[in-house]
Amino acid sequence: MTKIKIICTVFLIVIVFTINGFAQLYINPSSTALAGAYSTKARGAHVIGWNPANLGLAGNPGFSLNFGVIPLVPIPSVQISNSSISPFVLNSHFYTGGYLTDKDKEELLDFFPDDGLNINPLIQMRILEMSFGRWAFSIGAEVTGALALPKSLFHLVFFGNEFNKPIDLSDTNVEMQSVVTVALAHGREVTIPVINDYVEKLSAGVAVKALLGVGYAGFEKMQGSITTYHDRIELDGNMEATYGIGGFGLALDLGLAANINDKMAANISLNNLFGFVNWGIIEAEKVEYSLFTEVFSEDFSDIDSVMDAGVQTDTSYSIGKFTSNYPTYLLMGFQYDVLENFSLYSTLKQYFTEELAATRKPKISVGAEYEILSFLPVRLGIAYGGIESFQWGFGTGLNFRNYTLDIGFSQIGGIFNHAKGFAFSFGQSIRF
């Protein structure tokens, strides 16, 4: 069946996702620990995806190389979350070992939103990150996407297949896009009279990203149901999907950053401006599939033949090329250095679309960094909004003059056993 092509494309993207990365806003140990309150702190190659104008400010090394275990052998930064389930819910309701009444099952179903379970995995690996003075360069890979499972599936698990009641699968959704990014950024001090009257130093920056498409797969239409009767099962479904292998696109980051005085700094950036990927260098097709069949009890032993007989449409056709968006987002950051060894940070993140795991809900992050010793920082952060809804983080490291090792951990959607996900990041840098 031609629908196998789109399944294989999704599988290809997942494989790339597992070994390479995800997300346009590059996470690292410090940004994880600060729960995203990182926009003004980023320096060196870490500015890419945050604000390239930071390269024009003080604090940038003459040379830096970021890596995991050893150069070119990265350690993945992991973030996994969902919209409903936490360890507390699992331990108090699922893993009790007791008998579940219908009332208990209804209470369990209440944990799942009406639009189903949304799963947001994130595994990111930067293959190469380095900076030279006011320049930064990065090679990495990303998968951006959304996966939704309908609530009806969980109703089926808890209550079984009730006769004469359709199990609606229409809330199922998959949209995934995988690209390899090659980015070059530059920042330098500038003079803008209206702004320079109020700040000590002003910098502007730009980052250009080449987007090498690996694969795209997305549902344009998904309607389906399963209905059980005393003597048969009725299957009814329609799917339209688009997939592409091989693509090329571009995106642009623009930013301004300022040292207001010796204690305060602020910046603003628009990331992934005009971002797009044109798909179809290797293949681009649209898949249409529809099925309607009744499987009677005496036919269960030959269900494959019955399913094949019920296929009404099973085709794919070339669509030449198509374009997907690479979502744009705004970042605004502020920093206040309370003491020489104690700083406060805040960052506002705002997407402008609901595509590809982006959300129009703003995310506001605040964080603090305190240097217990000159080489031993402690970082804390908390955030509200965005696709995470709630996030808190913690991290530390060993930050010497020419070498740094940092680690960051955060939880998403709650605290400790009430969290619905977590994030972890580890990295090292050589700086001169």
Can you tell me which of (1) surrounded by 14 or more Cβ atoms within 10 Å (Cβ to Cβ); (2) under 16 Å from Asn28 (Cβ atoms); (3) at pLDDT 85 or above is the one Gly56 doesn't meet? (2)
Count - residues of region 282-298 that are more than 25 Å from the chain's Cα centre (by Cα) and either closer than 30 Å to Tyr329 by Cβ or of a type outside the set (A, V, I, L, M, F, W, C) (or both): 11
Restricting to region 155-199, and then to whatever is in contact with a helix residue (DSSP H, G or I) (Cβ under 6 Å, 6 or more places away or on another chain) and among the charged types (D, E, K, R), can you tell me which residue is surrounded by the fewest Cβ atoms within 10 Å (Cβ to Cβ)? Glu189
Report yes if some residue within region 202-217 is of a type in the set (D, E, K, R) and surrounded by fewer than 22 Cβ atoms within 10 Å (Cβ to Cβ); otherwise report no. no
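Given the residues Ser269, Ser305, which is the only one that is under 30 Å from Thr191 (Cβ atoms) and of a type in the set (S, T, N, Q)?
Ser269 is the lone residue from the list that is under 30 Å from Thr191 (Cβ atoms) and of a type in the set (S, T, N, Q).
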Specify which of the listed residues (Leu149, Leu156, Leu252, Leu212) is free of Cβ contacts under 8 Å to residues at least 24 places away in the same chain and in contact with a strand residue (DSSP E or B) (Cβ under 6 Å, 6 or more places away or on another chain). Leu156
So, Glu388, is that one charged (D, E, K, R) and over 30 Å from Phe63 (Cβ atoms) or not? yes
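Does Ser410 count as within 25 Å of Gly62 (Cα to Cα) and touching a residue at least 12 places away in the same chain (Cβ under 8 Å)?
no
I'd like to check which strands (runs of 3 or more DSSP E) are fully inside region 221-336 and have at least 2 residues that are crowded, with 16+ Cβ neighbours inside 10 Å.
Result: 232-259, 264-296, 322-325.
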Which of the residues that make up region 87-102 are modelled with pLDDT under 75, at negative phi and not hydrophobic (A, V, I, L, M, F, W, C)? Asn91, Ser92, His93, Tyr95, Thr96, Gly98, Tyr99
Complete set of residues in region 366-384 that are within 24 Å of the chain's Cα centre (by Cα) and of a type in the set (D, E, K, R): Arg379
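Which of the residues belonging to region 195-220 are among the hydrophobic types (A, V, I, L, M, F, W, C), in contact with a Leu (Cβ under 9 Å, 6 or more places away or on another chain), part of a strand (DSSP E or B) and closer than 30 Å to Ile268 by Cβ?
Once the filter is applied, which keeps residues that are among the hydrophobic types (A, V, I, L, M, F, W, C), in contact with a Leu (Cβ under 9 Å, 6 or more places away or on another chain), part of a strand (DSSP E or B) and closer than 30 Å to Ile268 by Cβ, region 195-220 yields Leu202, Ala204, Val206, Ala207, Val208, Ala210, Leu211.
The values are calculated or read from the model by the stated rules, or taken from the named source; none is laboratory data. A quick note: this is a predicted structure, and the numbers were derived from the prediction, not measured. Virtual Cβ from ideal backbone geometry, glycine too; neighbours counted across all protein chains shown.
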